[in-house]
1. Would you confirm, using the coordinates I've provided, whether Glu43 is out of contact with any Pro (no Cβ under 8 Å at 6 or more places or on another chain) and modelled with pLDDT under 90?
2. Of all the strands (runs of 3 or more DSSP E) wholly in the range 206-252, which have at least 1 residues that are within 30 Å of Lys160 (Cα to Cα), modelled with pLDDT of 85 or more and among the hydrophobic types (A, V, I, L, M, F, W, C)?
3. For the range 54-102, name all the residues that are modelled with pLDDT of 75 or more and polar (S, T, N, Q).
4. Tally time: how many residues in the range 211-260 are in contact with a helix residue (DSSP H, G or I) (Cβ under 7 Å, 6 or more places away or on another chain), under 20 Å from Ile181 (Cβ atoms) and open to solvent by 60 Å² or more (accessible area, probe 1.4 Å)?
5. Please specify each residue of the range 171-196 satisfying the condition of being in a strand (DSSP E or B) and open to solvent by 70 Å² or more (accessible area, probe 1.4 Å).
6. For Tyr3, are the conditions met, namely being in contact with a strand residue (DSSP E or B) (Cβ under 8 Å, 6 or more places away or on another chain) and open to solvent by less than 30 Å² (accessible area, probe 1.4 Å)?
7. Within the range 6-16, how many residues are loosely packed, with under 15 Cβ neighbours inside 10 Å and either aromatic (Phe, Trp, Tyr) or assigned to a loop (DSSP other than H, G, I, E, B) (or both)?
8. Picking from Lys263, Lys205, which residue would you name as being in contact with a helix residue (DSSP H, G or I) (Cβ under 9 Å, 6 or more places away or on another chain) and of a type in the set (Lys, Arg)?
Amino acid sequence: MEYKDYYKTLGLERDADQAEIKRAYRRLARKYHPDVSSEQEAEDRFKEVSEAYEVLKDPEKRAAYDQLGSGYHSGEEFRPPPDWDQGFEFHGGGYTEADPEAFSDFFESLFGRAGFGGGFGAGSGGFRHEFHAQGENTHAKIAIDLEDSYRGATRQITLKHSELGADGRPQVRERKLNVKIPRGVTEGQQIRLAGQGQPGMGEGKPGDLYLEITFNPHRLYSVEGSTVYLDLPLAPWEAALGARVQVPTPEGAVNLTIPPAAKAAASCASRGAVFRRRNRATSTRS
């Protein structure tokens, strides 16, 4: 997909405040609105302007977009860095009042249903009445070690969230939380922390915080769903004649029987893990 420079689209510098962003959007929206504009490709330009404003008007989206850096240029090939939004606390979903179908693949990859807080959909704030309102639920991704999933653990995490400063520009704040990691949690699952979302208004209760789990890269294992994989190197004679070898697992070493005539693509299961055998001589990875 192509990278979108939203500041360039609105004709702004990256340090523009919210008032400048609003003025730029209104000026360009009037210029390119399809109902009144005589400009060529007015509809496409109006969509680009609306998309840029959707991101830059929102302190959370803007701060997350800004952390991608300024080293990209409009139109160049782009893929979001892995876990680019990890540790960012987001309120509600990726869209506000705009039509998601009008936005680009670039926006969708960062802030749409498949991105931006895991695609949690519309905001979930409570009923507002007489200055009392339940706080919105918030969402974030955190990375844990595979061993934490096996044994369970309590970890301190740092979350970043954005708010407007006195100068009208987004500022990133941090907060630390102690989180209990339940044993057996898998990648993609969510941990709910009741009352740790956005504060309520008046007598309204605070929202909840949902943490989506990802795993840190491991030097030995790869994970698919609830299955753990390990590439197990074997000597040619072990594969040909069979052997009993010791294999490391997240819960400790186990003895594994290798049947005779084992092939590189074969697998053996032990204690919920799968060990893919690899011949040392050929270094064939399955």
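The values are calculated or read from the model by the stated rules, or taken from the named source; none is laboratory data. Only a predicted model underlies this, so the values are computations on that prediction, with no experimental measurement involved. Backbone-built Cβ (ideal geometry, glycine too); neighbour counts: all protein chains shown. SASA here: full protein model, heavy atoms, side chains in, ligands and nucleic acids out. Shrake-Rupley method; radii C 1.70, N 1.55, O 1.52, S 1.80 Å.
1. Values: out of contact with any Pro (no Cβ under 8 Å at 6 or more places or on another chain): no; modelled with pLDDT under 90: yes.
No; evaluated as a whole, the condition is false for this residue.
2. Strands (runs of 3 or more DSSP E) meeting the threshold: 209-215, 221-224.
3. Listed by number, the residues that qualify are Gln67, Ser70, Ser74.
4. Number of matching residues: 1.
5. Listed by number, the residues that qualify are Val172, Arg173, Glu174, Lys176, Asn178, Lys180, Gln190, Arg192.
6. So Tyr3 passes the test.
7. 4
8. Unique residue meeting the criteria: Lys263.
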